[in-house]
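Data block below; observations after.
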Amino acid sequence: MSFITRRLVALSTAIILIAVAGSGALAQQKYDTGATDTEIKIGNIVPYSGPASAWGVIGRAEAAYFRKINAEGGINGRKINFISYDDGYSPPKTVEQARKLIESDEVLLIFSALGTPTNTAIHKYMNAKHVPQLFIASGATKWNDPQNFPWTMGFQINYQSEARSTRDTFSTKSQTPGSPYSIRMTTWGRIISKV
């Protein structure tokens, strides 16, 4: 099964599970930590401060979207309690925030945490705790390892595929006379021309 197909199946399954879990048929069932008949707790870790603070806009946009969902009645009547913490793009702080989200806030999952080094710091912990680490905002290929890390799922295209696509686009367009897409032989130009 291809990477994209697996992701579509996982996303479809998640949507179906959320829809079914909100139905009256399962109202008497005991839910996992972080989910009740009225609430779903979702954790998030993003650098609102520090060297990658520009990416903090992702956490703010996600919070706004979940507020919109809640304003429209939630997911089958359940409100999303989106708890987002700042890690300053520092792996030790990410570990601290993940532990707080899981052990104190008791979230159902951690959604869209940003960064390869920061998510690497919590990767084994999340899987040991059996808490989903979903849609990681990083293009590292390590997030595509369901055999060893079944509770972790990346989201974005991996860096190697992104570089190949960029190289192919620029290679094609740079052949056109007067094209603004010509590859300059900077470090990045040399990297993508070798992928």
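List of remarks:
- Any hit, region 112-122, residues being closer than 12 Å to residue 34 by Cα, small (Gly, Ala, Ser) and either at pLDDT 95 or above or more than 15 Å from the chain's Cα centre (by Cα) (or both): no
- For residue 102, the test of being touching a residue at least 24 places away in the same chain (Cβ under 8 Å), over 22 Å from residue 142 (Cα atoms) and assigned by TED's automatic domain parsing to the domain that holds residue 151 is passed.
- Residue list for region 39-95, restricted to those being hydroxyl-bearing (Ser, Thr, Tyr), touching a residue at least 12 places away in the same chain (Cβ under 8 Å) and over 17 Å from residue 138 (Cα atoms): 49, 84, 85
The values are calculated or read from the model by the stated rules, or taken from the named source; none is laboratory data. Not measured: the values here are computed from a predicted model. Every residue, glycine among them, receives a Cβ derived from its backbone with ideal geometry; neighbour counts consider all protein chains shown.
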